[in-house]
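Laboratory data are not the source of any read-out in this text; all were calculated from the coordinates shown. All of these numbers come straight from a predicted model, not from anything done at the bench. Quick reminder, even Gly has a Cβ in these numbers, built from the backbone with ideal geometry, and neighbours come from all protein chains shown.
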């Protein structure tokens, strides 16, 4: 049997970053911080995200069939205060934080390094402490110095375009 500290060391050795997963439905918005994001396909551009079960964002993802991902710096104290611990149902943690939407309507923060706007294509609820959400990236963009206008690069898969990137900025 493998010791728990060995398992934790291996998990921490896997490359990862800090992401803010967001969703909105009707007037409700929420977000959750996670380090469990993985690109799983380039064509089509698919990502999988793992978040804890029972969070306030899950009904919003289910109802909107979409979510946003923003890569956040670990040193961003404002984002850490707003989203750690996870906001309660009914709270709007985005108040006074510049956000925009791209294609799906999920809030995307301007404070990130880049974003991915995703359409939900599936989810898995394993016998574990998490749920996995699979999203097809519909728009993406690099963010520098908290832009006033979110750069939107819509993703379409067309013949002869291996990455499927068509800029509609």
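See the values below:
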read-out: Inter-label distance, nm, simple model (7 Å from Cα along the C-beta direction), residue 27/residue 123; value: 2.3 nm
read-out: Segment 40-158, relative contact order [Cα under 8 Å, separation at least 6], %; value: 30 percent
read-out: Rg ratio (alpha-carbon, reference 2.2 N^0.38 Å) - segment 23-82; value: 1.22
read-out: Stokes-Einstein translational diffusion, the chain - Kirkwood Rh over all Cα pairs, 1.306 mPa s, 10 °C, in µm²/s; value: 96 µm²/s
read-out: Segment 28-90 - percent relative contact order, Cα under 8 Å, separation 6 or more; value: 43 percent
read-out: By average C-beta atoms within 10 angstrom, highest first, the peptides 22-34, 73-85; value: 22-34, 73-85
read-out: Two-site label geometry, residue 142 and residue 80: point separation in nm, points 7 Å out along Cα→Cβ; value: 2.7 nm
read-out: Dimensionless Rg ratio for segment 1-101, taking C-alpha atoms and the 2.2 N^0.38 Å reference; value: 1.19
